[in-house]
Amino acid sequence: MQINGVGTDALLRIAIECVTGDPEGYDRALDVLPVPMYLTDPKGMVTYYNPACVAFTGRVPELYQDQWCITAKLYSTDGNWLLHEDCPMAVAIKEQRPIRGVEAVAERPDGSRVPFRPYPTPIFDEEGQLVAAINMLVDVTERKHQAEFLRVQAEKSRNLADKTSDPQVANELRQLAQEHDAQARILEKPH
């Protein structure tokens, strides 16, 4: 996945280097990033967020009050409410490992929802002690819309294939439907 032409892993590495390399000035670097990023202490208390977090969540996170997560409410992709203490950032801190390949849905105070991929990553000092964690939240709304469009096109192709009397055309339409379905699965797959 790319953000403004930069891969998410590379962007996250750059952000971690900013935090660990310049503990006094990392905020200047992270503030200009177009993707929401926030930091917590080892207990999960939010200690920093960039301006993109406010636009993403629809609220101003409360430093040293919000724990694990900066969203008003959080849901799993199947629509079940997800407690903040069970969110990917909480798991990353508790298990002291990065969490990848998951998606969640943030609910803003106005009730609107945003599907996203979190990239929670613990940060350790030279002795291997957990000193902080960083999370990058990547909005996947557009990918979801593209996948749904492809699914609709696949269904239309199947319907046309069923209605045509030309076997060659029917076969080509079914192949097109399979291609659309495959592309939709790629878009829906968490990276």
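A short reminder: the numbers here are calculations on the coordinates, not readings from a lab. Predicted model only: the values in this text are computed from it and were never measured.
Helix-derived [θ] at 222 nm for the chain: sum -39500 (n - 2.57) over DSSP H runs of at least 4, divide by residue count, nearest 500?
On the way: 6 runs with 80 residues, N = 191.
When only DSSP H runs of four or more count, the value is -13500 deg cm²/dmol.
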### Query
Cross-link partners among aspartates and glutamates for K156, C-alpha distance below 12 Å, same-chain residues fewer than 8 apart left out?
D181
### Message
What are the ³J(HN,Hα) couplings of segment 49-55, residue after residue, when phi is run through the Karplus curve with 6.51, -1.76, 1.60 and θ = phi - 60°? Round to Hz, x for glycine and proline.
### Response
8, 8, x, 4, 5, 5, 5
### Query
For the chain, what percent of Cα pairs sit more than 22 Å apart?
52
### Task
Provide, as a two-decimal number, the C-alpha radius of gyration of segment 11-80 over 2.2 N^0.38 Å, N being how many residues it has.
1.15
## Note on the structure
Interchain or sequence-distant (5+) residues whose placed amide H lies within less than 5 Å of the amide H of Y48 are L39
#### Entry: Interchain or long-range residues, amide H under 5 Å from V131's placed H
I123, F124, D125
#### Entry: Under 13 Å from K43, Cα to Cα: aspartates and glutamates that are on another chain or at least 8 residues apart
D66, E85, E95
